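**Student:** The structure that follows is given in the form of structure tokens.
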Amino acid sequence: MTDNKKISIVIPVYNEEDNLKLLQEKLTNVLNSFEGGYEIIYVDDCSTDNSFEILKSIKNEHTKIIKFRRNYGQTAAMQAGINNSSGDIIITLDADLQNDPNDIPKLVEKYNQGYDLVSGWRKNRHDNLTRTIPSKIANGLISKITKTGLHDTGCTLKAYNGNILRNINLFADHHRFIPARFLEHSTRIAEVEVEHHSRMYGKSKYNILRVFRVIIDIIAISFWQRYKNKPMYFWGGLALISLLLSFIPFICLFFNLSNTNILLLYLILMVILVVSSFVFIAIGLVFESILKLSLEYYKGQNYTVETIL
Ligand code: UDP
Ligand code: MG
């Protein structure tokens, strides 16, 4: 069923004591039919309830349990699970049973058709409107701006090529943006519809403030995607625009030589725009130097190779 590929399941856990036993049971039922073997990696993000005790009680030869010293957040928990995985396919899902382990075979089947990332799409979501509406807008924006074309980039249930995912360093709240980060390495991305259940036990760890973090991350990631390898195109472009704009007050100066008040205003505006263009060039040069240093460090390797025959 899996083409003998090993599956690593990565699950971030923060105060999910009432969900873990049932989750483990459901996962085991599904994964036992996978011939390539499997591991389930739970990352306890320093829960303050009994989650860790429960994880210890369900530990077996297929499970790995990592416990953080403090609460670092979902992205770090997922990164720790990914770093400690060895599977050909990594499947991430939430610990709260909102994602359904019974969808795993569907993801794997699609993956085996030749994709490197198969994303779950919660077409029929069971969250309240204050969650689903901002999430729909965010997903639409992320999909358009980061060019993933996915309907539901925020769904944790996804299957990834393990070798690629282990090469991506996640930071900030990038757990919502893994497909965008993934595009740096592969465009073989697909999606399948998956079940979504309402939370039975425990509560969501996020509130409406996440909207602002998502907006900031969208700006940062889309900038990264476009200018990661050519920062001077962006900063040099800004410098050029600023320099061209400085001609407007310069020209206006000559038409208002008699009016000393307005003359000063135009002069200040012109100086600000000219100085800004130098600052933009300086920032661009700093970015170029960082890029050059990192390329030297990685021996110019700003690409990923699939195979060399
Ligand atoms: N989570 C985590 N660390 C945190 C917050 C959340 O590991 O600081 C885990 C949480 O236990 C769950 C997943 O991340 O398995 C998604 O969290 P949640 O269900 O609260 O998010 P929502 O479904 O509301 O987006
Ligand atoms: Mg949830």
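The values are calculated or read from the model by the stated rules, or taken from the named source; none is laboratory data. Note that the structure is a prediction, hence the values are computed from the model and not measured. FYI the Cβ positions are ideal-geometry reconstructions off the backbone, even for glycines, and counts take in every protein chain you see. All accessible areas refer to the heavy atoms of the entire protein, side chains included, with ligands and DNA or RNA removed. Shrake-Rupley method; radii C 1.70, N 1.55, O 1.52, S 1.80 Å.
**Student:** Every residue in segment 36-81 that is touching a residue at least 24 places away in the same chain (Cβ under 8 Å) and over 15 Å from Val13 (Cβ atoms), please.
**Tutor:** Correct list: Gly36, Gly37, Tyr38, Glu39, His62.
**Student:** Output the residue which, of all residues in segment 12-35 that are in contact (Cβ under 8 Å) with a residue 60 or more places away in the chain, outside any loop (DSSP other than H, G, I, E, B) and open to solvent by 10 Å² or more (accessible area, probe 1.4 Å), is nearest to ligand 1 (Cβ to nearest atom).
**Tutor:** Of all residues in segment 12-35, those in contact (Cβ under 8 Å) with a residue 60 or more places away in the chain come to 12-20, 22-23, 26-27, 29-31, 33-34.
Subsequent filtering for residues that are outside any loop (DSSP other than H, G, I, E, B) retains 12-13, 20, 22-23, 26-27, 29-31.
Filter again for open to solvent by 10 Å² or more (accessible area, probe 1.4 Å), leaving 12, 22, 26, 29-30.
On the way: Pro12: 3, Leu22: 13, Lys26: 14, Asn29: 19, Val30: 18 Å.
Out of the qualifying residues, it is Pro12.
**Student:** Looking at segment 110-136, I want the residues that are at positive phi and have a partner that is open to solvent by 40 Å² or more (accessible area, probe 1.4 Å) with Cβ atoms under 7 Å, at least 6 apart or on another chain. Which pairs are those?
**Tutor:** Short answer, once both residue conditions are applied: Gly114/Arg188.
Conditions tested, residue by residue: (1) farther than 26 Å from His151 by Cβ; (2) away from ligand 2 (no atom under 16 Å from the Cβ); (3) without any contact (Cβ under 8 Å) to a residue 24 or more places away in the chain; (4) open to solvent by less than 80 Å² (accessible area, probe 1.4 Å).
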position	(1), (2), (3), (4)
His196	no, no, no, yes
Met200	no, no, no, no
Phe212	no, yes, yes, no
Trp224	no, yes, yes, no
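**Student:** Out of curiosity, is Val279 under 32 Å from the mean Cα position of the chain (by Cα) and at pLDDT below 95?
**Tutor:** Working: under 32 Å from the mean Cα position of the chain (by Cα): yes; at pLDDT below 95: no.
For Val279, the condition - under 32 Å from the mean Cα position of the chain (by Cα) and at pLDDT below 95 - is not met.
**Student:** Check Leu129 against each of (1) over 24 Å from Asn29 (Cβ atoms); (2) out of contact with any strand residue (DSSP E or B) (no Cβ under 9 Å at 6 or more places or on another chain); (3) within 11 Å of ligand 1 (Cβ to nearest atom) and name the one condition it does not meet.
**Tutor:** (3)
**Student:** Turning to a different aspect of this structure: Just one of (1) free of Cβ contacts under 8 Å to residues at least 24 places away in the same chain; (2) in contact with a helix residue (DSSP H, G or I) (Cβ under 9 Å, 6 or more places away or on another chain) trips up Asn207, so point out which.
**Tutor:** Answer for Asn207: the failing condition is (2).
**Student:** Right, next: Going by the structure shown, is Ile137 at pLDDT 90 or above, crowded, with 20+ Cβ neighbours inside 10 Å and of a type outside the set (D, E, K, R)?
**Tutor:** Considered against the rule, which asks whether it is at pLDDT 90 or above, crowded, with 20+ Cβ neighbours inside 10 Å and of a type outside the set (D, E, K, R), Ile137 comes out as no.
**Student:** Of everything in segment 92-117 that's within 16 Å of the chain's Cα centre (by Cα) and more than 16 Å from ligand 2 (Cβ to nearest atom), which residue is surrounded by the most Cβ atoms within 10 Å (Cβ to Cβ)? Steps first, answer last, please.
**Tutor:** Going through segment 92-117, the residues within 16 Å of the chain's Cα centre (by Cα) turn out to be 92-94, 116-117.
Subsequent filtering for residues that are more than 16 Å from ligand 2 (Cβ to nearest atom) retains 116-117.
Details: Asp116: 21, Leu117: 25.
The selected residue is Leu117.
**Student:** Sticking with this structure for a sec: The conditions are (1) surrounded by fewer than 20 Cβ atoms within 10 Å (Cβ to Cβ); (2) within 12 Å of ligand 1 (Cβ to nearest atom); (3) in a loop (DSSP other than H, G, I, E, B); (4) not charged (D, E, K, R), and Thr75 fails exactly one of them. Which is it?
**Tutor:** Exception for Thr75: condition (3).
**Student:** Show the residue pairs meeting these rules: Cβ distance below 7 Å; 6+ apart or different chains; first residue within segment 257-268 and surrounded by 10 or more Cβ atoms within 10 Å (Cβ to Cβ); second residue outside any loop (DSSP other than H, G, I, E, B).
**Tutor:** Once the first residue is surrounded by 10 or more Cβ atoms within 10 Å (Cβ to Cβ) and sits in segment 257-268, its partners that are outside any loop (DSSP other than H, G, I, E, B) give Leu263/Leu253; Tyr266/Pro249; Tyr266/Cys252; Tyr266/Leu253; Leu267/Leu253.
**Student:** Pull up segment 165-180, narrow it to residues that are under 20 Å from Gly114 (Cα atoms) and open to solvent by 20 Å² or more (accessible area, probe 1.4 Å), then point me to the one that is modelled with the highest pLDDT.
**Tutor:** Arg166
**Student:** Can you name the number of the only condition in (1) open to solvent by 10 Å² or more (accessible area, probe 1.4 Å); (2) in contact with a Ser or Thr (Cβ under 7 Å, 6 or more places away or on another chain) that Ser57 fails?
**Tutor:** (2)
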